[in-house]
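Taking it in order: structure first as C-alpha cells, then the write-up.
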Amino acid sequence: METGAAPFTAPAALRGPVIGDIGNWLDRTPVHDASRQGQILQLTQLIESGVCVNIVTVDSITPLHEACLHGHIQCVKLLLAAGAQVDARNIDGSTPLCDASAAGSLECMKMLLDYGAKVNPPLFTASPLHEACMSGNPECVKLLIDVGANLEAHDCHFGTPLHVACAREHLECAKVLLVAGANVNAAKLHETALHHAAKVKNKDLIEMLVEFGGNVYSRDNRGKRPSDYSWPNSPTAKCFEYYESKFFQRLLEVCHSSADFDSEKHLAKE
C-alpha cells in the first residue's frame, strides 16, 4: 500500500454548495451506486469528500431513495445525518418512506420517521401504506397505522390500501386494515375490495370482508356484483351464493319486522 496517497475527492459535478441542496440532473452517480449496493465505506468517503447527498437522477431519484428501496439501514443513517431530504419525491411521487415500505424494511421506516418523514402524501398519489400493502408486510402496515397513516388514502390507480391488499391477496395486511377501521365498502370506480377478492378467487378474503360488513350486492362501474366475477359452481361462487341468500333472508326479516310494526301502530290508532 502506498503512503502519502492523495485523499479521495469527489468530482465537482457531485459536490453541492450546501448540504441539503438538490444537485444536478444526472444519470446514476457513485453516491447512488454506493447507496444502492450498501457500500458503507465508499458512501462515507463520498460524503466526507463533499458529495451532495441530494443529487438526483433524471427521474428524480436520490441516494436516499436507493438506500431505502434496498433496505440498507446504515446507508440511510449516513445519508440522513449528512442532510438528505427525508421527503424527497421521485418522478412517480414516491418518497424514501414509500420505498422503505415497499422493501418491507421496518428499520429504515423507523429511521425515516424519526427524521420527520411524512406518512401521508398529497391526495391521489400512492402512500407508504399502499406500498406496505403491496409488499405484503403486516408489521409495516401496523407501524404506519400507529403513526397516523390515512386508512382511506386514495390513489387514482390503486384505490385505497385495502383495495391493494385484496388485489395482491395479502390476507393479513387486509385484516390489520379492517381491524384498524378501514372502510370495507370504499369504492374505486364503484369497485370495492370485495370485487378484488372475487377477481383473484380468494375465498378466505371474501369471507373476511363479508364478516367485516362487505356488501355482496355492491355493483362496479360495469354493473357487476362481486359474485359475477366467480366461476359457476366454484368455491367462491358457492361462498357468494351462501352470503347473498343470507343477506336476502335478513332483508326479508327486516321488512317483515317493519311491516308488523306498522300494523301495530295502525291498530293502536284505531
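The values are calculated or read from the model by the stated rules, or taken from the named source; none is laboratory data. Here the structure is a predicted model, which is why all the values come from computation and not from measurement. Glycine also receives a Cβ, built like all others from the backbone with ideal geometry; neighbour counts cover every protein chain displayed.
Taking the condition within 22 Å of residue 180 (Cβ to Cβ), part of a loop (DSSP other than H, G, I, E, B), out of contact with any Pro (no Cβ under 6 Å at 6 or more places or on another chain) and at pLDDT 95 or above, does residue 116 pass? Please lay out each step first, then the result.
Values: within 22 Å of residue 180 (Cβ to Cβ): no; part of a loop (DSSP other than H, G, I, E, B): yes; out of contact with any Pro (no Cβ under 6 Å at 6 or more places or on another chain): yes; at pLDDT 95 or above: yes.
No; evaluated as a whole, the condition is false for this residue.
Restricting attention to helices (runs of 4 or more DSSP H) lying wholly within the range 1-100, give those where 2 or more residues are at pLDDT below 95 and among the aromatic types (Phe, Trp, Tyr). Outline the logic, then answer.
Details: elements: 30-37, 40-48, 63-69, 73-81.
Of the helices (runs of 4 or more DSSP H) lying wholly inside the range 1-100, none has at least 2 residues that are at pLDDT below 95 and among the aromatic types (Phe, Trp, Tyr).
Restricting to the range 101-113, give me the number of residues that are assigned to a helix (DSSP H, G or I), buried (at least 24 other Cβ atoms within 10 Å of the Cβ) and not aliphatic (A, V, I, L, M).
Of the residues in the range 101-113, the ones assigned to a helix (DSSP H, G or I) are 101-103, 106-113.
Imposing the further condition that a residue be buried (at least 24 other Cβ atoms within 10 Å of the Cβ) reduces the set to 101, 108-109, 112.
Now drop any that are not not aliphatic (A, V, I, L, M), which leaves 101, 108.
Number satisfying all stated conditions: 2.
Within the range 126-162, track down each residue that is assigned to a loop (DSSP other than H, G, I, E, B), closer than 18 Å to residue 112 by Cβ and among the small types (Gly, Ala, Ser).
Taking the range 126-162 and keeping what is assigned to a loop (DSSP other than H, G, I, E, B), we get 126-127, 136-137, 147-154, 156-158, 160.
Remaining after also requiring closer than 18 Å to residue 112 by Cβ: 126-127, 137, 147-150, 153.
Hits for the range 126-162 are 126, 127, 148, 149, 153.
Results for (1) under 24 Å from residue 93 (Cα atoms); (2) of a type outside the set (D, E, K, R); (3) surrounded by 17 or more Cβ atoms within 10 Å (Cβ to Cβ), shown as yes or no for each residue.
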position	(1), (2), (3)
153	yes, yes, yes
159	yes, yes, yes
172	no, no, no
179	no, yes, no
182	yes, yes, yes
189	yes, yes, no
197	no, yes, yes
209	no, yes, yes
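Every condition in (1) crowded, with 23+ Cβ neighbours inside 10 Å; (2) more than 23 Å from residue 80 (Cα to Cα) holds for residue 132 except the one numbered (2). Restricting the first member to the range 142-154 and to residues that are on the phi > 0 side of the Ramachandran plot, and the second to residues that are among the β-branched types (Val, Ile, Thr), the beta-carbon pairs closer than 6 Å and six or more apart or on different chains are 148/119. Residues in the range 82-92 that are closer than 11 Å to residue 112 by Cα and either of a type outside the set (Gly, Ala, Ser) or free of Cβ contacts under 8 Å to residues at least 12 places away in the same chain (or both): 85, 86, 87.
Taken over the range 100-152, the criterion of being of a type in the set (Asp, Glu) and either more than 18 Å from residue 71 (Cβ to Cβ) or in contact with a Lys or Arg (Cβ under 9 Å, 6 or more places away or on another chain) (or both) is satisfied by 146, 152. Only residues that are out of contact with any Gly (no Cβ under 8 Å at 6 or more places or on another chain), charged (D, E, K, R) and touching a residue at least 12 places away in the same chain (Cβ under 8 Å) were counted across the range 93-127, and they come to 3.
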